[in-house]
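Inspection log for the structure reproduced underneath, given as structure tokens.
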2 protein chains.
Amino acid sequence: MSTQVLPGPVIKLIEAFSGLPGIGPKTASRLAFYLLRAPQEQALNLAEALQDLKARTVLCARCFNIAETSPCAICQDETRDASILCVVEEPLDVVAIERTREFRGHYHVLHGAISPVEGIGPEDLKIDALLERVRREPVREVLLATNANLEGESTASYVAHLLKASGIRVTRLARGLPVGGDVEYADEITLSRALEGRREI
Amino acid sequence: MSTQVLPGPVIKLIEAFSGLPGIGPKTASRLAFYLLRAPQEQALNLAEALQDLKARTVLCARCFNIAETSPCAICQDETRDASILCVVEEPLDVVAIERTREFRGHYHVLHGAISPVEGIGPEDLKIDALLERVRREPVREVLLATNANLEGESTASYVAHLLKASGIRVTRLARGLPVGGDVEYADEITLSRALEGRREI
């Protein structure tokens, strides 16, 4: 008869941590035992943040960024230029571009990129909503700021193709981005140069 | 006037994750955005596990292992040999040694090792409780299974010195462990050999 060595709540926490991307069982154990030793507030604070995460956030119905309100603060900001739309893959890309302070237009978050390998097609992304939005809003330029990797390039080409007929100017971030790199990891200067040097496609 | 780009609850979660050891801001963001996209149950399940962690675990008053009850299941197990006490640094070391199924005695968890660099002295560990326990219980052998690094060796020497006068047999895990390695990372066979080959010090 073997006794169970770790208490149930510790096992449960290790399993919950292991379910997160990039966290294996060893790291999960380390985190659980760290929290066992840390002041109780740290675990409870993380628990509360997790509970608030979905309860207190929404997707903006206009740009699909993650926000506390819909429309989001950026969409509601009337000082921003509604004639230029920056299309990104993820909410973190909006954060990266906002950090440059070089872009004063609006955003459109696709929530991913086309990837046949992962079974992600155009219909899984907010592309229809983008086309709809371009028809309804006074958009003159669509800046495709998807990642500079295979999926990001395919997505940009696909969207550019769809928009070509509309006569709207379609641009792409300049090749200031290192090839294969992600938008959210780019430093601010590189990203600023990429915004300045954007080119028609 | 800059608009706050990330919603408050997302920032709060990123900060809470960043407070965990080995998790930087980038990983914390990734985890937060992963959870935003994952089914809500995953975040809530992790939140619940965090809340239960301290609410439903205690330190065993006898061996100081983390457990659901005090005394813990191992201390309560009358089929185990109370005459041999395995002294470890951490609860995870108990897990590692139990996995070998080679040890059927009792444990004593020190909750750390002597480390002047980190300001951890003997008084911060469960060493007094160990001496007290050895006086009170019918212990004939103390097996020092602290890590095979500087702190673990110092702790073993220190405890061995204190126990020498009592006439109890004091042993150390055999040098089957790779030098500088942690007990909890050792594979089961190495750890089994180390248990078999334990030597008097």
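Among the listed residues B:139, B:87, B:134, identify the single one that is away from every other protein chain (no Cβ under 12 Å), in contact (Cβ under 8 Å) with a residue 24 or more places away in the chain, more than 30 Å from residue A:16 (Cα to Cα) and touching a Leu at 6+ places or on another chain (Cβ under 6 Å). Spell out the reasoning first.
Details: B:87 fails: more than 30 Å from residue A:16 (Cα to Cα); B:134 fails: touching a Leu at 6+ places or on another chain (Cβ under 6 Å).
It is B:139.
Among residues belonging to segment B:77-108 that are in a strand (DSSP E or B) and of a type in the set (Val, Ile, Thr), point out the one that is surrounded by the most Cβ atoms within 10 Å (Cβ to Cβ). First the steps, then the outcome.
Initial filter on segment B:77-108 (in a strand (DSSP E or B)): B:81-88, B:105-108.
Still in the running and of a type in the set (Val, Ile, Thr): B:84, B:87-88.
On the way: B:84: 18, B:87: 26, B:88: 29.
Among residues in segment B:77-108 that are in a strand (DSSP E or B) and of a type in the set (Val, Ile, Thr), the one surrounded by the most Cβ atoms within 10 Å (Cβ to Cβ) is B:88.
If you scan segment B:18-31, which residues turn out to be at the interface with another protein chain (Cβ under 7 Å from one of its Cβ atoms), within 17 Å of residue A:43 (Cα to Cα) and open to solvent by less than 30 Å² (accessible area, probe 1.4 Å)?
B:20, B:31
Name every residue in segment A:50-67 that is within 9 Å of chain B (Cβ to nearest Cβ) and within 26 Å of residue A:86 (Cβ to Cβ), in order of residue number.
Correct list: A:53, A:54, A:56, A:57, A:58, A:65, A:66, A:67.
Quick one: residue A:62 ticks every box in (1) in contact with a Pro (Cβ under 7 Å, 6 or more places away or on another chain); (2) surrounded by 16 or more Cβ atoms within 10 Å (Cβ to Cβ); (3) not in a loop (DSSP other than H, G, I, E, B) bar one, so which box is it?
The single condition residue A:62 does not satisfy is (3).
Residue-by-condition table, conditions (1) closer than 29 Å to residue B:122 by Cβ; (2) under 17 Å from the mean Cα position of the chain (by Cα):
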residue	(1), (2)
B:40	no, no
B:63	yes, yes
B:67	yes, yes
B:75	yes, yes
B:82	yes, no
B:91	yes, yes
B:95	yes, yes
B:107	yes, yes
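Collect the residues in segment A:109-149 that are aliphatic (A, V, I, L, M), more than 18 Å from the chain's Cα centre (by Cα) and either not in a loop (DSSP other than H, G, I, E, B) or not assigned by TED's automatic domain parsing to the domain that holds residue A:184 (or both), keeping them in residue-number order.
As a first pass, look at segment A:109-149 and keep what is aliphatic (A, V, I, L, M): A:109-110, A:113-114, A:117, A:120, A:125, A:127, A:129-131, A:134, A:139, A:142-145, A:148.
When the remaining residues are screened for being more than 18 Å from the chain's Cα centre (by Cα), the result is A:117, A:131, A:134, A:139.
Within segment A:109-149, A:131, A:134 meet the criteria.
Being open to solvent by 40 Å² or more (accessible area, probe 1.4 Å) and in a loop (DSSP other than H, G, I, E, B) is the filter; apply it to segment A:150-181 and report the residue that is nearest to residue A:104 (Cα to Cα). Walk me through how you get there before you give the answer.
So in segment A:150-181, the residues open to solvent by 40 Å² or more (accessible area, probe 1.4 Å) come out as A:150-151, A:153-154, A:157-158, A:161-162, A:164-167, A:169, A:175, A:178-180.
Now restrict to residues that are in a loop (DSSP other than H, G, I, E, B): A:165-167, A:175, A:178-180.
Details: A:165: 26, A:166: 23, A:167: 22, A:175: 21, A:178: 24, A:179: 25, A:180: 26 Å.
Filtering segment A:150-181 for residues that are open to solvent by 40 Å² or more (accessible area, probe 1.4 Å) and in a loop (DSSP other than H, G, I, E, B), the one nearest to residue A:104 (Cα to Cα) comes out as A:175.
Residue check, residue B:35 against (1) farther than 20 Å from residue A:28 by Cβ; (2) surrounded by 16 or more Cβ atoms within 10 Å (Cβ to Cβ), all met but one. Which one?
Answer for residue B:35: the failing condition is (1).
The values are calculated or read from the model by the stated rules, or taken from the named source; none is laboratory data. From a predicted model like this one, the values you see are computed outputs, not experimental measurements. Because the Cβ atoms are built from the backbone with ideal geometry, glycine has one as well, and the counts that use them run over all protein chains shown. Surface areas here come from the heavy atoms of the whole protein model, side chains and all, with no ligands, DNA or RNA. Shrake-Rupley method; radii C 1.70, N 1.55, O 1.52, S 1.80 Å.
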